[in-house]
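Below: one structure, written as structure tokens.
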Amino acid sequence: MTPTPASPNAIATVSISGTLEDKLRAAAAAGFRAVEIFDTDFVASALSAEEVKALLDQLGLTCVLYQPLRDFEGMPEPYRTRAFARARQKFAVMRTLGCDRLLLCSNCAPQSLGDRERIVADLRDLGDLAADHGVTVGYEALAWGRHVDDHRTVWDIVQAVDHPHIGILLDSFHSLSRRIPSESIRAIDPAKLVFVQLADAPLLDMDYLYWSRHFRNLPGQGGLDLTGYVAEILRIGYDGPLSLEIFNDRFRANSAEMVARDGLRALDALRDAAARKLGRTPAMPARATIERVEFVEFAVADADRADLAAMLGSAGFDRIGTHRSKRVELWRAGAANFVLNFEPDGFAEAYRVTHGTAICAIGLVVTDGPATIARARALGMAEHPSDMPAMPALRGVAGSLVYVIDAEAATTLWQDEFVIDPGAPGGAPLAVTAIDHLAATVTNDEFLSWQLYWRALFDVEVQTPQDVIDPNGLVQSQAIRGRNGTFRITLNSTDARNALSARFLDQSFGAGFQHIALAVADMDEAAAVLAKRGLEPLPIPANYHDDVSARFGLSPDEDARARRYGILIDEEGPGRRYRQLYSRAFLRTFFFEYVERRGYDGYGAPNATIRLTAQNRFRPAPPPD
Ligand SMILES: O=C(O)c1ccc(O)c(O)c1
Ligand SMILES: [Mg+2]
């Protein structure tokens with residue numbers, strides 16, 4: 001096989017948006033040294049092969065694969081003759097591009113005969129032609145190939161062809177979408193493994209072709225076992241490129257630079273996971289364990305100060321401390337800490353100028369703070385200068401901060417920074433036991449980027465993505481949870497201009513945390529305390545309670561309290577119950593939710609439409625024409 005050039009990380013031009021020049025520039029800017037050029041990108045380009053080669057050189061890129069050659073093998077005449085003419089033309093382009101690997105994908109044409117002897121003979125002839133041009137061909141099984149749709153079949157054929165210029169190409173999407181066991185890779189001779197393409201995908205029950213061409217995503221953004229796949233590939237001794245080949249509608253409409261940068265991060269995280277699986281020395285510290293959300297910080301405009309204080313008071317919080325040197329207050333309800341930042345300059349001020357009064361940061365207690373920061377650095381995540389040595393900060397995807405608090409430093413965090421009033425009630429008697437989850441509303445563009453951020457840095461798992469029906473459009477929701485369940489975040493995004501999450505993006509000028517869910521031990525008690533404190537709950541219609549009371553067989557007492565306080569209920573099975581109560585939104589932006597979990601792991605997805613419809617009733621009237 002041909003020796004492997006330069007960098008082992010590559011990206012296919014089909015993965016990113018723009019013209020061929022845009023794609024190459026974005027790949028290089030992100031730090032890639034190698035690309036696959038997608039045939040259509042080249043054919044559609046006004047640049048000659050010589051000009052593309054000059055641009056590659058200028059950008060320090062090598063074209064490590066040209067792809068694909070389609071509908072080639074096992075054709076009757078006159079298609080066979082034409083297929084060889086096409087191959088010759090591609091070899092000529094590749095010579096100019098300085099590219100010595102060609103991807104041949106399995107035939108999908110209705111005319112293809114599927115006769116194995118014929119396929120073997122065609123590939124052998126193609127091998128001779130490739131040898132003349134100094135090219136090696138990697139044969140790839142498309143999951144929807146007409147006669148060949150499984151990499152094990154490709155490997156059988158490649159062995160039968162037995163030609164030094166014909167090998168196998170593996171693509172994780174085609175193998176894993178068909179649930180082909182990754183152990184089957186062990187049968188492959190690494191010297192015959194020409195190239196490896198990687199893509200993840202959400203677990204959808206969908207036609208392979210449509211799934212592949214629209215929903216592929218970066219490793220760590222979907223539900224396929226990329227780690228197991230790559231571990232098998234590295235185990236057999238493959239040391240060629242790992243290349244991202246992502247067909248994704250969001251990526252086509254997105255910033256090429258962002259996708260390319262995320263791509264490199266995804267590959268680094270994947271190599272780390274595979275090395276760990278193989279018991280090899282990892283290149284970075286392990287994914288970090290989040291022990292809890294220690295605090296949520298609000299950047300507060302002076303004009304909103306009194307209203308926010310009133311709202312927090314009704315929401316069960318009390319001010320318990322003031323910062324020793326800054327215009328910062330600490331509010332508490334049981335185990336939930338809110339930091340209110342009124343500083344006239346610095347990060348919170350900058351955030352407030354952009355977004356208005358909003359959640360500008362969260363503080364996470366992790367088991368090993370320094371290792372978390374080291375991993376973030378290895379993944380190219382930006383740090384934000386922090387004036388608190390015990391609490392370094394990382395930039396979140398949409399510009400808010402994630403403070404990283406080492407578990408040991410967390411014990412003295414509040415006393416060190418704040419003067420705490422020992423007599424302050426701290427929210428009692430409302431027994432908030434934890435910050436249950438953070439709900440982020442993100443732009444459609446960044447929905448996958450946020451997922452990668454959390455999954456690459458932290459030891460979390462994704463739950464099944466949910467389609468939520470807002471009265472004004474579809475919202476996609478992805479829940480992410482730490483393995484111990486002590487950290488939960490949901491990411492929500494929509495295309496629908498009038499959906500609540502879209503209005504939040506407008507209102508707060510960008511993505512951010514739209515609501516905070518507080519865990520309570522007993523919803524009935526909590527609801528009564530909140531009512532006394534004057535919380536304005538989100539009104540829930542009687543129709544809902546008629547339905548839920550019948551569905552879950554509520555006792556007259558339970559039924560009456562649910563109606564009185566506007567409590568929403570869901571069950572994951574007998575006795576595994578979730579009860580939720582929502583506040584009204586503060587300044588039409590963020591709001592709070594109280595949740596009681598009894599052996600329940602979800603987020604009340606069946607109630608989301610009820611809640612969104614209720615919130616929709618408070619929409620401002622559209623401006624007059
Ligand atoms: O969808 C396709 O046509 C296509 C083309 C080339 C590939 O490598 C692939 O995985 C899919
Ligand atoms: Mg492929």
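The values are calculated or read from the model by the stated rules, or taken from the named source; none is laboratory data. Bear in mind the structure is a predicted one, so any value in this text is a computation, not a measurement. Reconstructed Cβ throughout: ideal geometry from the backbone, glycine too, with neighbour counts over all protein chains shown. All accessible areas refer to the heavy atoms of the entire protein, side chains included, with ligands and DNA or RNA removed. Shrake-Rupley method; radii C 1.70, N 1.55, O 1.52, S 1.80 Å.
Within the range 313-333, name every residue whose backbone N is under 18 Å away from a label modeled 7 Å from Cα of ARG533 along the Cβ vector.
313-322, 329-333
For the range 468-481, just list the computed ³J(HN,Hα) in residue order, Karplus coefficients 6.51, -1.76 and 1.60, θ = phi - 60°, integers in Hz, with x standing in for Gly and Pro.
Values, residue by residue: 9, 9, 8, x, 10, x, 7, 10, 9, 10, 10, 8, 10, 9 Hz.
Give me the number: length gained by fully extending ASP467 to ILE236, i.e. 0.36 nm times residue separation minus the C-alpha to C-alpha distance, one decimal in nm.
Stretched out fully, the ASP467 to ILE236 stretch lengthens by 79.2 nm.
When only Cα pairs under 8 Å and 6 or more residues apart are kept, what is the percent relative contact order across the range 290-616?
After rounding, I find 17 percent.
Tell me, what is the per residue accessible area of the chain in Å², probe radius 1.4 Å?
39 Å²
Tell me, in nm to one decimal, what length is gained between ASP601 and ASP189 on full extension, where the rule is 0.36 nm per residue of separation less the Cα-Cα distance?
Residue separation times 0.36 nm, minus the Cα-Cα distance, leaves 143.9 nm.
Just to confirm my understanding: which cysteines in the chain have no other cysteine beta carbon less than 4.7 Å from their beta carbon?
CYS105, CYS108, CYS360
Below 8 Å between Cα atoms, with a sequence gap of 6+, how large is the relative contact order for the range 235-384 in percent?
Value for the range 235-384: 29 percent.
Could you check the spin-label model distance between ALA92 and ASP249? Points 7 Å from the Cα along Cα→Cβ, value in nm.
3.9 nm
What does the range 391-430 give for Rg and for Dmax, in Å, if only its C-alpha atoms count?
Reported Rg and Dmax, both Å: 14.1, 39.
Can you pull out the trypsin sites (Lys or Arg not before Pro) in the range 342-434 whose DSSP state is coil and whose Cβ has at most 15 other Cβ atoms within 10 Å?
Answer by residue number: there is no such site.
Quick one: if you take sqrt(5λ) for each eigenvalue of the C-alpha gyration tensor of the chain, what semi-axes come out, biggest first, whole angstrom?
Equivalent ellipsoid semi-axes, largest first: 52, 26, 22 Å.
Quick check: at a probe of 1.4 Å, how many percent of the accessible area of the chain sits on carbon and sulfur atoms?
51 percent
Step through the table entries LYS23/LYS53; LYS90/LYS192; LYS23/LYS192, compare each Cα-Cα distance with 24 Å, and write down the pairs that go over it.
Long pairs (Cα-Cα over 24 Å): LYS23/LYS192.
Given contacts defined as C-alpha pairs under 8 Å and at least six residues apart, what's the relative contact order of the range 9-277, whole-number percent?
21 percent
Viscosity 1.567 mPa s, temperature 4 °C: give me the Stokes-Einstein translational D for the range 9-277 in µm²/s, with Rh taken as the Kirkwood radius over C-alpha pairs.
This corresponds to a translational diffusion coefficient of 70 µm²/s.
Could you tell me the largest-minus-smallest coordinate of the C-alpha atoms of the range 143-208 on each of the three principal axes, in descending order and whole angstroms?
38, 22, 18
Given 0.36 nm per residue, what is the gain on full extension from ASP132 to ARG305 after removing their alpha carbon distance, in nm?
Full-extension gain reported as 54.7 nm.
Over the range 451-543, how many percent of alpha carbon pairs lie in each 5 Å bin up to the one with the longest distance?
Bin by bin from 0 Å, the calculated values are 3, 11, 15, 18, 17, 18, 14, 5, 1.
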